[in-house]
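The values are calculated or read from the model by the stated rules, or taken from the named source; none is laboratory data. Just so it is clear, the structure is predicted and the values come from calculations on it, not from any experiment. When we count neighbours, we look across all protein chains shown, and the Cβ atoms used for this are built from the backbone with ideal geometry, even at glycine.
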């Protein structure tokens, strides 16, 4: 059957088989058990078919594609060997996901990812968009591998020209300065990997682990950057932010209201070309059906990938809040976010450490892969136009970002 399939169809089938194997592995882990006999038979069947499909794909590849495949296989096998080594020694092992240096300044040749023989990973590889709500603004710059302490010096006021008499003294004007320091917070995750997956060459172990890392990092950044929740740790500019106004849907003034909201930033000296709007799916759908000007053929507020002429991001994380047990849930009200994301510094600090633990879950035939690093999210707009930072998140002084409540126009009462 597979011989009649095209290369694209075979690749799609390979990914489908990979997903089913990952699902089997996840289900057994979440239920804290080994495979049942039926699951083991299904695993073996999927493994055999994937081996055949991958072999046929390989036969169809050109020279360049074949070289890329072999490189990927090599990297996957190197990671597999690293995990096997930890299993055989029965000891936990920590490595860096990038080469480092010891305190003496000499090259660290025994405890980094390259020396271990495993695939070198960087946080840059963990950024692709995979799910709704995880897209990030183009103007948001994510920096990785930041070393040491960082300081952003800020000029927080200006001076004014004075008109005085011919021989009168000019008054003293003081230029004040402040500084912004990022607050690093440790972040990490644990990924359980079935030892059967480690031992099985047909299981794409590298893709499995990277998928877990990718989703975790993307979800973390999206919810922190966009959510209105009052986070106690890293948080974005919308966190616990009081709305600056209201945009009413259904009154024929929506387009003007959005333009006016963006114009408020121009009064602070921001340039309109870098602004990005943040919507959820419900608000986007309404604005797609709302004309710019009632009764005129001027198009709709959301069209051609723009909202009122500005780029926008769709994410359900904007309209979320924290419950008393610290879970993120949808709020009862809707908001539109507006921001200049070049003023938001998102940074990964120091090394990314990977710990391979074959002992803790050995009774379930599972090796844990544990990732540790640190992230910071810093709003650089807090001092603009005389803003005064406060430790109270209820009065978080962002200047480059704003929220606007979205509400439906109430129906007029009929007498």
Mind telling me which of the residues 69, 82 ends up being at pLDDT below 75, surrounded by 15 or more Cβ atoms within 10 Å (Cβ to Cβ) and part of a helix (DSSP H, G or I)? 82
Subset of region 245-271 (residues that are in contact with a strand residue (DSSP E or B) (Cβ under 8 Å, 6 or more places away or on another chain) and within 22 Å of residue 139 (Cβ to Cβ)): 258, 261, 262, 264, 265
From 299, 309, residue being within 21 Å of residue 265 (Cα to Cα), surrounded by fewer than 19 Cβ atoms within 10 Å (Cβ to Cβ), more than 22 Å from the chain's Cα centre (by Cα) and modelled with pLDDT of 85 or more: 309
Could you check region 291-311 and list, in sequence order, the residues that are more than 16 Å from residue 257 (Cβ to Cβ), outside any loop (DSSP other than H, G, I, E, B) and touching a strand residue (DSSP E or B) at 6+ places or on another chain (Cβ under 9 Å)? 306, 311
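Results for (1) free of Cβ contacts under 8 Å to residues at least 40 places away in the same chain; (2) buried (at least 19 other Cβ atoms within 10 Å of the Cβ); (3) not in a helix (DSSP H, G or I), shown as yes or no for each residue.
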site	(1), (2), (3)
209	no, yes, no
229	no, yes, yes
234	no, yes, yes
252	no, no, yes
264	no, no, no
268	no, no, yes
How about region 330-415: which strands (runs of 3 or more DSSP E) wholly inside it have at least 2 residues that are surrounded by fewer than 19 Cβ atoms within 10 Å (Cβ to Cβ), modelled with pLDDT of 80 or more and under 23 Å from the mean Cα position of the chain (by Cα)? 344-357, 366-379
Give me the residue from region 142-178 that is surrounded by 13 or more Cβ atoms within 10 Å (Cβ to Cβ) and in a loop (DSSP other than H, G, I, E, B) and, out of that set, modelled with the lowest pLDDT. 156
